[in-house]
Each structure stands twice: as C-alpha cells, then as structure tokens.
Amino acid sequence: MAMDIHMPKSRAPNQENRTIAIIGAGVSGLLACKYALQKGFSPTVFEARSSIGGVWSRTCDSTKLQTPKNHYRFSDFAWSDSVKEAFPDHNQVREYIYSYALHFNILPHIKFNCKVVSVDYLCTSSEEDMSSWELWAGTGEAFSPKGKWHVSVQDLQTSADTTQVYQFDFVILCLGKFSGLANIPPFAMNKGPEVFDGEVMHSMDYAAMDNAAEFIKNKRVTIVGFQKSAIDIGAEIAKVNGAKHPCTLLFRTAHWSVPENLVEFIFRNLNRVSELTVHKPDEAFFLWLLAALLSPLLWIYSKVIENYLKWLYPLAKYDIIPEHGFLGQIRSCMLTVLPADFYEIVREGCLILKKAQTFSFCQTGVVVDDEDVPLETDIVIFATGYKSDQKFASVFKSIDFQKYLLGSSAPFYRECIHPKIPQLAIVGYSESHATIYTTEIRAKWLAHFLEGNFRLPTIREMEHNVMRWEKCMRRYTDPNFKRGCVSVMLQIYCNDEICRDMNCNPRRKKSILSELFAPYGPSDYADLSSLGREE
C-alpha cells in the first residue's frame, strides 16, 4: 500500500493556523464543523460516503423520526414551514440536514468518498512522560506543542490502493453509534448462516439497498430483533408481501413501544422539576433527600404508562408484555415509536410475532427453540444493533487508546473528552432520545474549548468525574440492558454543567415558573456566545 504525507494548510490566521480534522459528515460532524468555523477555524471533514447525513443518507423508506421535530432540530435553524408533521419522514429529515449544511456553507469543507483508515498520535514526549501528565495533553488546553495526529485516509474514488496521511493539531471523531460495525450474534459450528441456503444480512445492508422492495417481494422474510429497525423493516415488508408471504419478527425480549402522542407527552414533561426526582453525581444532601422523597413518583409514572400501553395494544394476546419496566427502557435510550397500523398488520396475518429464547440456522430456514419443524424462510435480516465501541476503538492505531475506549461504559468527560487521549474529542457518542439537541450543545462546548475560552480540569479530576457518572448510570440502568444513559433523565442538569464551563448563564427561561415547569429544548440554547441571560 502506497503512502503519501500531506499537511493541510489552515486558512485561519487568527487561530494560529491550527489544523482540525473532523471524521464523519453526519449530524455530529456537521455541527462540529459549523461551530469550529464560527470560531475562525477551517476544519477538514472526511466522509467515506458521497453524501452527508450519516444514517439519514441511506435508510428504510418507512423510517420516520422517533422524536418530535421541535426537539430534533438545530438551535439556530428551524424546520421549513412546509413540514407540518410532528414526526417527519426520512426524506424530510435528509432535506432538513442538507439545508442546514448549505445555509452555513459547510459543504466546501467536506472531502467526500474519503475513508479514514486510522488515526495515530505522535508525541514528542515518551509514553512514560505522557502517563505522568497531570493535565490533558500536558497543558489542559486543546492544542499542545507536544503532539500531532496523523490521519490515514483512503480515497474511495480511485482504484489505486493508496493511503494519504494528513497531519492535524486536533481530531474530532464523529462516526456515529448506529452504523458501521454490525452486531451479529455468534452461532455454534454448523448452526450459523453458513448452512443456510438463503440470504443473510444486517438491517444496515437492507437500508442501503436501492431495490429493497423488489428484493423482498414474494419472499419469506425473518427479522431478528424487536426494536426500531426491526419494527420499521417488518412493517415495511409486511405491506409489500401481505398475508400470502408473511414476515416474521423473531425476538428474545419484548420491548415497550409507544404511539407518537405519548412521545410528545413525555417530551413536554422534561423540565427542571422532573429532574428533581433523579439522583445526580455528588449531589448535596438537600438534593439527595428531595430525589429520595420524589423518586416514587417515577415508579408511579412508569406504571401508569405501562398500564396504558397494555390497554392500548394487544400485548397480552400476542404474549409480548415486556418483563422490564418502562422507565428502565427509557433510561437505556431504547424508546421505539410504533407505526400507527402495526397491530392491524399483525391481525391481518401479514406480520407474525414469534418470541423465542434461542434459534439456529438450517438449510431451509431457522430452528427456533429446538422445535421439530424449522421456520422456513428465504431471507434473514439481523436488526440487532451495532458494536459502536469497537468501531470507535478500531480507528486508533494505539492499542492503549483502544483499551481506554473499551474499558468503561462512560469513558468521556462531558461525554466527548477522554482524559487520557490528548488533542482529540468524540462528538455524537452520548446517548439521547433527541440526538441533535444533545450533540449540538457539546459541539458548542468543544468550539469554546478549541478557542481557548477555558481549560480542562486535571486528568485525575476528569477521571473522578467520569467514575461518578458511571456510578450514577449503574444505579439506574436496568439489568435487562447492556447500556445506560441516565443523562437523558438529566438533560438540563448536564446542559447546566456545559453552560457553566463556557461561562454562560444556564438559566435559559424568562421567568421562574417557566424555568421550573416549561420543557427545555434546542431553541433555548440558540445563543450561548455571550455572558448573562440571553433574551
């Protein structure tokens, strides 16, 4: 493999010609680029695909937002008046994201069809010296004279197997958590896809197909999973093939799925008062006592919603009442909005719900729970998520950096800075039911940090902060789920911390009552550039 060295020239003399690489042009990459540009930098964005938008650039035809659009929006760029729906479809979302990139002139900074193969930190200090640093990057600041990042990039438009190496002062990873490295469960020998005569794929491969409807037409399809992708794809295929060739949803664990109006109700109640019911890291005694006294309200809230869903949907009839609580699922960022006609499709026999603990492949289909008769199928689609931590870790050449990312469920300070990986940030890693909302404020925080408006705490202090949050997440994470994102229950609290870092007033409302009881959203943080209360 040939290798060239290239050093990009910054066009921002007011920022001392600091060079910044942004890897990925999804929502998080666009936000990171926009706010870096706003601070006078001229970042280079590497995007492996030929278009922006990340997961929204290629997705299923039936995919819609799972979040009300007033929460899934950029703080300073409203949805078009032509979009009347509360939950826009994927075409409307893609157009909205593209309009944002055009409006803020982000596209000229993107190198399309450029896949980042690896990033490697080259430091003037020895590994022993680096391990003894008290401050991040040795200085506590974004840019350090001690090291540079070498970013190896492959141009996918050329047939030559060449890699170009760029040198940067700072790297921002915006790879996204829901793409790239598919999570396929392991199978015993001669029990996996290799013995199956049909087609096996992951949901991301199905979503990327141009002729998906023709591919599955008149085929017997089995989908493994019972979350957003599985439900969307299952409903889509069932409508194409009907009851003559029903689609089967094969799953181990049933999850709570909700109608759109309930999602809107939940978001309307995300205010400061609701956050008083949740324990926080290192909280004062009064806040601890208040959370302890009010926490039963969360249990009541969860049970009321569970009973409402059991009344609304025929969960008992199809034996799919989840064994876990609704609140535990919310805290794991696993909320799925159900298509309005989902159970009508099930009732008509176009979609079959099949709960099973185990399954394996055979020549003609899949064997479920060691049943004598296999479930005959032509296509199996795994809607089983992604190995996002491994995807992020694999970008690094350093084995130590890879271990840092894989060693903790909450490894980042402010959910974007690893205490032991210098001159690098990850934007878009934090879990949330409103991705843009969560990502944008961290992109703003990072831009302030790049500009030198504040320094990071010591490495030890950041590690202590990370451990406190991890302990808090474990307190609330449901044992049925592998991940936790208690910050979704403390969105305003997290935003307050970020605002204080930037020396901005965290109180964004105009009155005490609205500050306590009104929901917070992206538009509340449209202007964080000035001190004091923004009107």
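With the condition kept exactly as written, say whether any residue in the stretch 391-411 is of a type in the set (S, T, N, Q), crowded, with 18+ Cβ neighbours inside 10 Å and at pLDDT below 95. Within the stretch 391-411, not a single residue is of a type in the set (S, T, N, Q), crowded, with 18+ Cβ neighbours inside 10 Å and at pLDDT below 95. A search for C-beta distances below 7 Å between a residue of the stretch 234-250 that is farther than 12 Å from ILE216 by Cα and any residue that is among the charged types (D, E, K, R) and open to solvent by 30 Å² or more (accessible area, probe 1.4 Å), counting only pairs 6+ apart in sequence or on different chains, returns ALA243/GLU348; THR248/LYS354; LEU249/LYS354; LEU250/LYS354.
Evaluate the following for ILE441: is it in a helix (DSSP H, G or I), hydrophobic (A, V, I, L, M, F, W, C), closer than 30 Å to GLY234 by Cβ and open to solvent by less than 20 Å² (accessible area, probe 1.4 Å)?
no
Per the listing VAL373, VAL304, VAL273, VAL346, the residue uniquely crowded, with 19+ Cβ neighbours inside 10 Å and hydrophobic (A, V, I, L, M, F, W, C) is VAL346. Residues in the stretch 34-76 that are touching a His at 6+ places or on another chain (Cβ under 9 Å), outside any helix (DSSP H, G or I) and open to solvent by 40 Å² or more (accessible area, probe 1.4 Å): ASP61, SER62, LYS64.
Open to solvent by 30 Å² or more (accessible area, probe 1.4 Å), assigned to a strand (DSSP E or B) and either at pLDDT 95 or above or over 17 Å from PRO43 (Cα atoms) (or both): is that true of ASP120 in this structure? Taking the combined requirement at face value, the residue satisfies it. Whenever a residue of the stretch 308-328 is closer than 15 Å to GLN227 by Cα and at pLDDT below 95, its partners that are in a loop (DSSP other than H, G, I, E, B) and open to solvent by 80 Å² or more (accessible area, probe 1.4 Å), lying with C-beta atoms within less than 6 angstrom and at least six residues away or across chains, give the pairs HIS324/ASN480. Within the stretch 17-42, residues that are more than 16 Å from SER430 (Cβ to Cβ) reach partners that are among the acidic types (Asp, Glu) with beta carbons closer than 6 Å, at six or more positions or on different chains, in the pairs ARG18/ASP169; THR19/ASP169; ALA25/GLU47; LYS39/GLU451. Restricting the first residue to the stretch 329-356 and requiring it to be closer than 17 Å to THR63 by Cβ, which pairs with a second residue that is part of a loop (DSSP other than H, G, I, E, B) and hydrophobic (A, V, I, L, M, F, W, C) meet a Cβ separation below 9 Å and a spacing of at least six or different chains? What qualifies is MET334/TRP256; MET334/PHE481; LEU335/TRP256; THR336/PHE226; THR336/TRP256; VAL337/LEU65; VAL337/PHE87. On the given criteria, is GLU141 in a loop (DSSP other than H, G, I, E, B) and open to solvent by 30 Å² or more (accessible area, probe 1.4 Å)? Considered against the rule, which asks whether it is in a loop (DSSP other than H, G, I, E, B) and open to solvent by 30 Å² or more (accessible area, probe 1.4 Å), GLU141 comes out as yes. Within the stretch 356-409, the set of residues being in a loop (DSSP other than H, G, I, E, B), of a type in the set (S, T, N, Q) and farther than 30 Å from ALA425 by Cα comprises GLN357, THR358, GLN363, THR364, THR377.
The values are calculated or read from the model by the stated rules, or taken from the named source; none is laboratory data. Because the structure is a prediction, the values reported are computed rather than measured. Don't worry about glycine lacking a Cβ; one is built from the backbone with ideal geometry, like all the others, and counts go over all protein chains shown. Accessible surface is based on the protein model in full, side chains and every heavy atom, while ligands, DNA and RNA are left aside. Shrake-Rupley method; radii C 1.70, N 1.55, O 1.52, S 1.80 Å.
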